[in-house]
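The values are calculated or read from the model by the stated rules, or taken from the named source; none is laboratory data. Please read these numbers as outputs of a predicted model, since none were measured by experiment. Cβ: placed from backbone, ideal geometry, glycine included. Neighbour counts: every protein chain shown. In case anyone asks, the SASA skips ligands and DNA or RNA and just uses the protein heavy atoms, side chains included. Shrake-Rupley method; radii C 1.70, N 1.55, O 1.52, S 1.80 Å.
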Amino acid sequence: MNKFEQLGLNESLLLAIKDLGFENPSEVQEKAIPVLLEQNTDLVALAQTGTGKTAAFGFPLIQKIDAENRNTQALILSPTRELCLQITNEIKLYSKYIKGLHTVAVYGGASITEQAREVKRGAQIIVATPGRMQDMINRGLVNIKNIDFCILDEADEMLNMGFYEDICSILSDTPDEKNTWLFSATMPAEVARIAKQFMSSPVEITVGSKNSGSATVSHEYYCVNARDRYEALKRLADANPDIFSVVFCRTKRDTQAVAEKLIEDGYNAAALHGDLSQAQRDGVMKSFRGRQIQMLVATDVAARGIDVDNITHVVNYQLPDEIETYNHRSGRTGRAGKLGTSIVIITKSELRKISSIERIIQQKFQEKTIPSGIEICEIQLLHLATKIKDTEVDHEIDNYLPAINEVLDGLSKEELIKKMVSVEFNRFINYYKSKRDLSGERGNDRERSSEPREIRAGDPVRYFINIGARDDFDWMQLKDFIKETLDLGRDDVFKVDVKEGFSFFNTDGEHTEKVMEVLNGYDMNGRRINVEISKNDGGGRRDHNGRSSGGGFGGGRREGGFNRERSGSSPRREGGRDSGGFRGERSGSAPRREGGRDSGGFRGERSSSAPRRESSTGSSDRAPRRAESAGDTARPRRPRRS
């Protein structure tokens, strides 16, 4: 029996729920729907972004609407155009089997005359942004004086965006006897003031603790020098080859500058801020939803209402001014029960803010160090191997195999693998091996040596293990699994980094024999575990917090990343690829490749939303430009990212 049936929903809604594939209600739906169906009451529901709040108020609202009455009966207010359209589409899907029920979206950036015409034709439910709704009321284009229901969705976000006066004005134009349902992730003072002023003895529902963070999001912070903040961002992107992220900056200027630098350095990135036109914003969001953009750099205001599935990371390039805003940022990932990671890049002067955020979200941060260059090389190399293994073969290639076999004739399997992998590895290792470690001290000569070091008790040892995110692990779960399997203490497993198909972790040298004996060959639900000691041993000794005091192999600061060839400097080849690697081509369109990735990694294509500005994209950390001529092949290129 579908659990939605137990909530009291009618047959039309249950048919729509079946079509949508919903089986089990979320916690906020389970708590809110019965209350709203059985009682004519005001309601305050506190739940994190992405917990299914639209269905929590949408199902009971639809069931209570009189579809035969064409007058406006319900108003739903949401903070942004994107969220307004999203709610409208979901309400339409939920009510698909209810004849005569019409929902209209009212938002800025579109024809107000056409929206007024749609409302006049008969709209029982209006979904609106506060600014456009107030405009329509002022012009006499809509009548909400007799509505039965008013829903404030993401109330705290609306108030953070400065809509307090508009909301108060709109609510003052509605009848006192209506039911008001307020849904919010947090309960700041302004939201409490709205509830007190316009609601009567509301029922309160809380999912988790007030203002707490989502349990599906893990929180990490990286402490760097202020001058290294951008380099740290690039390093973290390279250490997570499958990253699909929102990067938050405080100002529009910083947002544009960071996005332009990322594009210049070969990443699929774009800016999202208030200076973009609606057409530019729509183009950026379309590319992001299609994964043509993998690093969306945004301001808090511009990112309100973004609802994109499977975001893997939220990166706080700069912490927000208000601690509550951090909760909204981190809520963009870890949705629908999936795991996500919220990353904070901070300086030493900002460390105190981490404790303040921990108190608010009631979750602990894990302190981590920026990966060294050799670690990134290893991660990218193993990612490439995993990608090769998982690639489906297109048998069109069979036509070319005789010629390929002739070229590769005489190579053994081992030689072939080494040569194929070296195409990637040589570029990465040559670029990274002499670069500075962002996390602290420069590695010593012994650590740079290719000779294996003697493992001693007390020294940290880094391991590679062939399980990762695809096996439903995040770093906390993997740490617990290793700790319990090996019967180790809480602090004996540290520096756990989980990738898609593999992971890394550290222990003290005294546990190495136990790790290798117990975990190697361990059967995990039919999956045979393999553990190896990483060539990069983690460097140095760790302090009482588990931090590494040395970077190993001299770190890996990418001084300016891997620059693209500039169009016009040499003949452009199809797809932006030449013998030296991948080039990000400049164009006014979205990247050509499906999913925004080529076979080697990110292509830094320019979109119309991020015009090039030499003053902001120029970076002193990039390799010096050489004379741009067709015959110039010596300039460094960014290695392909696997």
> Does segment 208-225 contain any residue that is touching a residue at least 12 places away in the same chain (Cβ under 8 Å) and within 30 Å of Glu177 (Cβ to Cβ)?
Replying inline: yes
Can you find even one residue in segment 116-125 that is buried (at least 18 other Cβ atoms within 10 Å of the Cβ) and within 27 Å of Leu276 (Cβ to Cβ)?
no
Those strands (runs of 3 or more DSSP E) completely within segment 243-342 that have 1 or more residues that are within 14 Å of the chain's Cα centre (by Cα) and farther than 20 Å from Lys353 by Cβ are 245-248, 269-272, 295-298
In segment 87-97, anything open to solvent by less than 40 Å² (accessible area, probe 1.4 Å) and either within 16 Å of Asn71 (Cβ to Cβ) or assigned to a helix (DSSP H, G or I) (or both) is listed as Ile87, Thr88, Ile91, Tyr94
Could you say whether any residue in segment 58-76 is free of Cβ contacts under 8 Å to residues at least 24 places away in the same chain, in a strand (DSSP E or B), touching a helix residue (DSSP H, G or I) at 6+ places or on another chain (Cβ under 8 Å) and open to solvent by less than 20 Å² (accessible area, probe 1.4 Å)? no
Item to complete: Taking Ala55 as the residue in question, decide whether it is in a strand (DSSP E or B) and free of Cβ contacts under 8 Å to residues at least 60 places away in the same chain.
Response: no
For Asp153, the lone unmet condition from (1) among the charged types (D, E, K, R); (2) in contact with a strand residue (DSSP E or B) (Cβ under 6 Å, 6 or more places away or on another chain); (3) at pLDDT below 90 is (3)
Counting only residues in segment 8-28 that are open to solvent by less than 20 Å² (accessible area, probe 1.4 Å) and either in contact with an Asp or Glu (Cβ under 7 Å, 6 or more places away or on another chain) or in a helix (DSSP H, G or I) (or both), the one nearest to Arg335 (Cα to Cα) is identified as Val28
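For (1) without any contact (Cβ under 8 Å) to a residue 12 or more places away in the chain; (2) in a helix (DSSP H, G or I), each residue gets a yes or a no:
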{"residue": "Leu384", "(1), (2)": "no, yes"}
{"residue": "Lys387", "(1), (2)": "no, yes"}
{"residue": "Glu392", "(1), (2)": "yes, no"}
{"residue": "Glu396", "(1), (2)": "yes, yes"}
{"residue": "Asn399", "(1), (2)": "yes, yes"}
{"residue": "Lys418", "(1), (2)": "yes, yes"}
{"residue": "Val423", "(1), (2)": "yes, yes"}
Residues of segment 149-170 being under 13 Å from Arg193 (Cβ atoms) and either surrounded by fewer than 16 Cβ atoms within 10 Å (Cβ to Cβ) or touching a Cys at 6+ places or on another chain (Cβ under 7 Å) (or both), in sequence order, are Glu165, Cys168
Counting only residues in segment 493-538 that are open to solvent by 70 Å² or more (accessible area, probe 1.4 Å) and touching a residue at least 24 places away in the same chain (Cβ under 8 Å), the one farthest from Val461 (Cα to Cα) is identified as Arg527
Within segment 171-204, of all residues that are small (Gly, Ala, Ser) and over 21 Å from Lys53 (Cβ atoms), the one surrounded by the fewest Cβ atoms within 10 Å (Cβ to Cβ) is Ser201
